[in-house]
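Below you'll find the structure, written out as structure tokens, and then a few comments.
No value in this document is a laboratory result; all are computed from the given coordinates. None of the values given here were measured: they were computed from a predicted structure. Every residue, glycine as well, gets a Cβ built from its backbone with ideal geometry; the counts of neighbours run over all protein chains shown.
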Amino acid sequence: MGVIRLGTASWADRQLLASGWYPRAARTPAQRLAHYATQFDIVEADTSYYAIPAPEVTAAWTAATPPGFTFDVKAFSLLTGHPTQVRALPADLRPEGATGSIRRSGLPAGTLDALWRRFHEALEPLRPRLGSVLLQFPPWLAHGEAAIRRIEDTIARCRPFHPAVELRHGSWFADARRCLDTLQRLQHAGASFVAVDMPQGFASSVPPVLAVTASPAVVRFHGHSPAWERGSKEDKFRYAYSERELADWAERLRLLSTDADEVHVLMNTCCAGQAQRDGARLAELLGVNLTTAS
């Protein structure tokens, strides 16, 4: 079996801070991250999706965590084709006179390259702790030749850091042949396929396919909220996994780990500490030791 690392998406969302999960003595971001690292051995940094962090910030993340701790980092939204608020761009890269949101197609020549350079600079201090870079593509990116070229270009721009691709349109898995082609393309590109557990029956639903296209294999748990498409962010991810669900996933993850040197398991049911509770129980069922900071 390969190594299974288990943690949560984010360590500082407001509902988690208000839940009482952190001890009162953990008052600063660094203290909270240091405490988190005593409970789990991996975390997904999501703030980088909303704005590219300064290298000083990511250096502080490294300083707050012990050897053996791992960060998976979510790519900045514009880099994966999401509309982004102009104010989220570095000040010197904001198009003159632009307001509101902007798409990649609206960027001046050279700006996308500059954003990638800034993102790489932000990742550099994390090298001792960096696992993979989550390239989460928009739910409207359907299968097609242009989309394939977009994904392959994004993977190439992510190098030398390790890319992990999350696809969010069912057309990539429309049938067995299409699914196999999707996975083989990622394998050829040397990118990890991100498997997801999520609500089914919606336009944005993708099946919980487990496959190893590169190591680490990555599995993200979004829960099964009925408010997935129309609820607030909190409603979409408000879900508590049952004991039966976690036990079933423990068996599936053990099987996946026989094909990968490393498996990253991230709980994204980020409401009031639920991800931490579900993650801790899943770790118990897997028999995984998460105390890297002991």
Determine the distance separating the Cα centre of the stretch 172-232 from the Cα centre of the stretch 148-164; give it in Å without decimals. 17 Å
Once you wrap a convex hull around the alpha carbon atoms of the chain, what is its projected area averaged over all directions, in nm²? 15.1 nm²
Quick one: if you stick a label point 7 Å off each Cα along the C-beta vector at GLU121 and HIS224, how many nm between them? 4.6 nm
Compute from the Cα atoms of the stretch 43-105 the Rg and the Dmax, the latter being the longest Cα-Cα distance, and quote both in angstrom. 14.0, 45
Full-stretch length increase - GLN85, ALA25 - with 0.36 nm per residue and alpha-carbon distance subtracted: 18.1 nm
Run the helix sum for the chain: -39,500 (n - 2.57) per DSSP H stretch of 4+ residues, divided by residue count, reported at 222 nm to the nearest 500 deg cm²/dmol. -10500 deg cm²/dmol
Length added when fully stretched, ASN289-ALA98, from 0.36 nm per residue minus Cα-Cα: 63.8 nm
Could you work out, for the stretch 216-294, what percent of all Cα-Cα pairs fall into each 10 Å distance bin, beginning at 0 Å and stopping at the bin that holds the largest distance? 18, 47, 29, 7, 0
Taking the beta-carbon count within 10 Å as an exposure proxy, list VAL263, VAL288, VAL86 from fewest neighbours to most. VAL86, VAL288, VAL263
If R0 is 30 Å, what FRET efficiency do you get for ASP175 and ARG254 from their C-beta distance, rounded to 0.05? 0.60
The answer for trypsin sites (Lys or Arg not before Pro) in the stretch 23-76 that fall in a DSSP coil and have at most 13 neighbouring Cβ atoms within 10 Å is ARG24, ARG27
Scattering profile of the stretch 1-108 from the Debye formula, Cα beads only, expressed as log10 I(q)/I(0) at q = 0.12, 0.19 Å⁻¹, is -0.53, -0.99
Just rank CYS271, CYS158, CYS179, fewest to most, by other beta-carbon atoms within 10 angstrom. CYS179, CYS271, CYS158
Step by step: find N for the stretch 59-155, compute 2.2 N^0.38 Å, then divide the Cα radius of gyration by it. What's the final number? 1.22
Please return the longest range in the chain lying between exposed loop sites, taking chymotrypsin sites (Phe, Trp or Tyr not before Pro), DSSP loop only, at most 16 other beta-carbon atoms within 10 Å, and leaving the sites out. 1-139
So if I place +1 on the C-beta of Lys and Arg and -1 on the C-beta of Asp and Glu, and nothing else carries charge, what would the dipole magnitude of the chain be about its Cα centre? I want it in debye, nearest 20. 540 debye
Compactness of the stretch 173-227 as Cα Rg over 2.2 N^0.38 Å, two decimals: 1.19
